[in-house]
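Please treat every number below as a calculation from the coordinates, not as lab data. No experiment lies behind these values; they were computed from the predicted model shown. Don't worry about glycine lacking a Cβ; one is built from the backbone with ideal geometry, like all the others, and counts go over all protein chains shown.
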């Protein structure tokens, strides 16, 4: 019936007037309403999105004079994800011929308005497609393309083409009105499908967690509420991996060994493990083993009785007793003497101790977290650290990433330190974008602690409310830390401090003087004071340039900017800007 009505209307032509024209208009409106009704049933049917779109294209010829039709769905990067045509759907594949020319697709998406081409053989947008087509192109073909939108966002295109001949007239305004309604229905369906897909993925992830009963999950969530970890800031992949490990380890009583360079925040992570554990409401006790001699360290850990030694005027509980039921952090565990290692080993094995000068055995239940930046494996081989103690504390090792592996977190940390400085000093300072770019490229072997000192020093000496690159010490050849990394040492017979006072610090990029300690003949003599790509500091590996890191992340992400941004801890906009700044051509597959 729809076909008969359509053919009858087309024969009448667009210029008819009078009662017959009114009848034609009424029939045309009836067909459009019927078409919207049928298409809405197709889109709400329980089927995959690709099948729904193909069925929409299949049903369109019942309500329009057309030859071919296509629906193209774009992904988050603006590339074709689904191309649905009559009786077929094309997933995104490299090398697959597009159902409509790329230039036409770009035109519709860029303008966000319908595109009408009365004769594609006369359009520049179709020239490349016509040249590769086997058809002669003698038959005039008209094209109509409509953007598919949802919530003011373009999700794809809906297009048709038809054969033009002298016996048939067309009213493009009526067709565009009908196709626009269809495109709106399709756009809402695509948006709803994506929302449901994300929700389904989240539910699947939750179902594949370690199996536990519903009662256990409720008890566990009540016992382990979300705790904000003060001092741990960042969105980089390296940091997220550590935080995921911390959240799992915290639920047990296993001994944890935190490994990492100085300044990576081992104490903050130890506190996070304690707060997320069942012992979170008990005491968190910490002790720096490297700061005390062996005799004092024994008294601090085990406690002492009155009169045990000179000055012991009263009984005192040790750190193990104070941490009973809670957590004990032994920082710099690799610095204790071999003699004291044997005493500590007994407490860890038996859970028993005696106070210094006492005979009563005490039972203690303290979870142990150890931290060190020392190479314990080499220390064990050299006989400096007991192998049995190493195996006792190395139950769950967690290696904390240095700041150079978290370049995207540097601006976030710098802003957090500056905010704290502003609160404490009643200031209103802010970083210029160029200043954040500068510190993001610094090496920072002292890691987060050195970054915090750098921000505080720069903020203290800043001359205006906006911190610019010229405010940093490295830009004024006054960064003593950079000389320490490079082993600059002394020169001209004087100390670096004396040179700083005299203003004789080497300018950025100037050659190192001969005889400077730490730089031998034959080494490169031109070193920038804060060049992240040229240093002699205690690096664990060669420092990659920003361009190298960007290319590496893009290759890991399959040249998808959004995925590369997650790897680097940046936003897609920042990654796009960096690609343009370094003139990196994005590969398309």
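Note on the range 259-382: antiparallel DSSP beta bridges, both residues inside, total approximately 30 percent of the bridges counted. A Förster distance of 25 Å, applied to the separation of the beta-carbon atoms of residue 391 and residue 317, puts the FRET efficiency at 0.30. Take 347-360, 419-432, 269-282 and order them by the average number of nearby Cβ atoms within 10 Å per residue, most first; the result is 269-282, 347-360, 419-432. Each principal axis of the Cα atoms in the range 237-401 has its own extent, and those three values, largest first, are 54, 40, 26 angstrom. Between residue 470 and residue 423, full extension at 0.36 nm per residue minus the direct alpha carbon distance yields a gain of 14.6 nm. Calculate, for residue 363 and residue 79, the FRET efficiency according to 1/(1 + (r/R0)^6) with r their C-beta to C-beta distance and R0 60 Å; round to the nearest 0.05. Rounded to the nearest 0.05, the efficiency is 0.40. With the simple model of a label 7 Å out from the Cα in the direction of the Cβ, residue 47 to residue 571 spans 4.1 nm.
Label separation (residue 337 vs residue 381): 2.7 nm, computed from points 7 Å beyond Cα along the C-beta direction. Quick one: if the Förster radius is 60 Å, what FRET efficiency do residue 173 and residue 555 give, using the C-beta to C-beta distance and rounding to 0.05? The formula returns an efficiency of 0.75 here.
Fewest-first ordering of 575, 246 by other beta carbons within 10 Å of each residue's beta carbon gives 246, 575. For the range 25-66, pairs of C-alpha atoms spaced more than 14 angstrom apart make up 49 percent of the total. Relative to the current alpha-carbon distance between residue 292 and residue 121, full extension at 0.36 nm per residue lengthens the span by 52.8 nm. If the segment from residue 463 to residue 399 were pulled out straight at 0.36 nm per residue, it would be longer than the present Cα-Cα gap by 19.1 nm. Direction-averaged projected area, Cα convex hull, the range 403-476: 4.3 nm², rounded to one decimal. When only alpha carbons of the range 363-450 are considered, Rg and Dmax amount to 19.5, 58 Å. Each of 240, 286 was scored by other Cβ atoms within 10 Å of its Cβ. Listed from fewest to most, they are 240, 286.
Under the criterion of Cα pairs below 8 Å and six or more residues apart, the relative contact order for the range 403-476 equals 38 percent.
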